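Visitor: One structure, pasted below without further comment.
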Amino acid sequence: MLYARICYEPDWLKSLLAVMPRPQQQRAQNMRVKRLGQYLSGRALLLEYAKRAGVSDIGTHTHIEIQEREGLGPLFHINGQRLQISISHTAELALVAFSNAACDTPVGVDIEGVRDNWSNDKVSFFCCDAEIERGFVESTQEQKNEFFTRCWARKEALTKYHESSVLNQSIRQANLLNDAAITDFTIEDDGFEPRFSKHMGALYRPLKEGESKPAWVIEKVNLSHSIKS
């Protein structure tokens, strides 16, 4: 997984836009600043991955294709081969999960800033009874905040795995506490404002028969350096 801090300064967004393939430049034309920063940062991470995969002509976009889809994440191809990816972002960071190039299993990922504004209605909406019993009984407020954020991220990751734009009731009420397909992770970054310094995420990818659970690596990317190199 690769993640990067999102910057919303006009000159920075202009620099990111300049390195995008033509279809992404056209799609970004009428976006508001917040959406534009999130969109361009996620696509820039795709280009960074392609560069690391050995694509030398990133600037011409000859061997890569980012195929946008309405309401869903993009399809990503390198040298004609589709990679299984999933993109998530908050107001502070963008993150992309890449499944193994030889793997055809879809992947879903979600990242959320730790939420402290949840209500009992939200808990009932996103958590099943078993999750509520585990995370909200005899827990401190901080533990409840983190547990709710984790549940939210897990359900969103499962939704993205199924390539759905709607978090439906069956997913909301699924018990994902001990699901082997889930990998939880936390990103703590001092570069963010203190109240945004901790993000909690989840990745969903079912294991094939006999497959060991992958050790997902999370790496921070400096997009300022990336787009200049």
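Visitor: For region 111-136, which positions are assigned to a helix (DSSP H, G or I) and under 26 Å from Ala94 (Cα atoms)?
Guide: Of all residues in region 111-136, those assigned to a helix (DSSP H, G or I) come to 120-126, 129-136.
Residues satisfying the conditions are Lys122, Val123, Phe125, Phe126.
Visitor: OK, next. Among the listed residues Ser229, Ser165, Ser139, which satisfies the condition of being at pLDDT below 90, over 27 Å from Gln38 (Cβ atoms) and in a loop (DSSP other than H, G, I, E, B)?
Guide: Step by step, each of Ser229, Ser165, Ser139 is checked, and only Ser139 is at pLDDT below 90, over 27 Å from Gln38 (Cβ atoms) and in a loop (DSSP other than H, G, I, E, B).
Visitor: Specify which of the listed residues (Arg82, Arg43, Arg27) is free of Cβ contacts under 8 Å to residues at least 12 places away in the same chain and not assigned by TED's automatic domain parsing to the domain that holds Cys151.
Guide: Arg82
Visitor: Is region 1-12 home to any residue that is among the small types (Gly, Ala, Ser), more than 23 Å from Glu70 (Cα to Cα) and in contact with a strand residue (DSSP E or B) (Cβ under 9 Å, 6 or more places away or on another chain)?
Guide: Yes, region 1-12 has at least one match.
Visitor: Follow-up. If you go through region 168-189 one residue at a time, how many are under 19 Å from Ser86 (Cα atoms) and not in a loop (DSSP other than H, G, I, E, B)?
Guide: The qualifying residues number 7.
Visitor: Moving on to the next point. Can you find, within region 202-224, the residue that is surrounded by the fewest Cβ atoms within 10 Å (Cβ to Cβ) among those that are closer than 26 Å to Met20 by Cα and within 17 Å of the chain's Cα centre (by Cα)?
Guide: Here the residue is Val217.
Visitor: Could you look through region 94-135, keep only residues that are among the polar types (S, T, N, Q) and exposed (fewer than 13 other Cβ atoms within 10 Å of the Cβ), and pick out the one that is farthest from the chain's Cα centre (by Cα)?
Guide: By that ranking, first place goes to Asn120.
Visitor: Here's another thing I want to ask about it. Provide a single number: the residues in region 1-58 that are farther than 19 Å from Ile87 by Cα and part of a helix (DSSP H, G or I).
Guide: Of the residues in region 1-58, 9 are farther than 19 Å from Ile87 by Cα and part of a helix (DSSP H, G or I).
Visitor: Given the conditions (1) in contact with a Phe, Trp or Tyr (Cβ under 8 Å, 6 or more places away or on another chain); (2) closer than 18 Å to Glu92 by Cα, and given that Gly42 satisfies all but one, which numbered condition is not satisfied?
Guide: (1)
Visitor: Those residues that are buried (at least 16 other Cβ atoms within 10 Å of the Cβ) and within 20 Å of the chain's Cα centre (by Cα), I need them from region 41-63; list them, please.
Guide: Ser41, Gly42, Arg43, Ala44, Leu45, Leu46, Leu47, Glu48, Tyr49, Ala50
Visitor: Please specify each residue of region 75-91 satisfying the condition of being under 30 Å from Asp189 (Cβ atoms) and surrounded by fewer than 18 Cβ atoms within 10 Å (Cβ to Cβ). Explain how you work it out, then say what you get.
Guide: Keep residues of region 75-91 that are under 30 Å from Asp189 (Cβ atoms), which gives 75-76, 78, 83-91.
The answer is Leu75, Ile78, Ala91.
Visitor: Ok, one more. Applying the selection to region 6-50, what residues are hydroxyl-bearing (Ser, Thr, Tyr) and farther than 15 Å from Pro74 by Cβ?
Guide: Within region 6-50, the subset hydroxyl-bearing (Ser, Thr, Tyr) is 8, 15, 39, 41, 49.
Residues satisfying the conditions are Tyr8, Ser15.
The values are calculated or read from the model by the stated rules, or taken from the named source; none is laboratory data. A quick note: this is a predicted structure, and the numbers were derived from the prediction, not measured. Virtual Cβ from ideal backbone geometry, glycine too; neighbours counted across all protein chains shown.
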